[in-house]
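Let me begin by presenting the structure, written as structure tokens, before commenting on it.
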Amino acid sequence: MSERLDIVGRAGRRESGVVTDHRRTLGQAAEAEAARALQRAGLAVVERNVRFPEGEIDLVCRDDEVVVFVEVKCRRAGWDDSPAAAVSWRKQRRLTRLAQHYLKWRRLDGVRCRFDIVSVTVDTRGALDVRHVRSAFDATGG
């Protein structure tokens, strides 16, 4: 699936720990396209950008009775690694902890959950390539 994105310019740069407007816009477009792809795949998007003091969960979805925590990663084409490769063991552990906070906060005791990654790659023309990795990792390391 390929969608066209109007923001093709340079990659956004971090300046003093602040995300530039271009990078933020690209990230928001990637998350919106990821949500659409998940909906087309039959998942219901329940919440977006759930923030806790320890970090943020990009998307929380439902796949029947399973709560799905989704990390969206976006990169420009030409990087050696896929965007999903950016989800390190440390990031997985943090996402596991955030998921635990979310389940407690929403009082969702005993529900099944899984962790998916949606990789969004932007080519030089601005086309988006979206790939959904179901059950990308489990919570055993957290």
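The values are calculated or read from the model by the stated rules, or taken from the named source; none is laboratory data. Keep in mind it's a predicted model, so treat the numbers as computed, not measured. Glycine also receives a Cβ, built like all others from the backbone with ideal geometry; neighbour counts cover every protein chain displayed.
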Cβ-Cβ under 7 Å, sequence separation 6+ or interchain: first residue in segment 18-44 and free of Cβ contacts under 8 Å to residues at least 12 places away in the same chain, partner part of a strand (DSSP E or B). Which pairs? Gln39/Val45
So, first residue under 23 Å from Arg75 (Cβ atoms) and exposed (fewer than 15 other Cβ atoms within 10 Å of the Cβ) in segment 96-124, second residue modelled with pLDDT of 95 or more and not hydrophobic (A, V, I, L, M, F, W, C), Cβ within less than 9 Å, six or more apart or across chains; the pairs are none
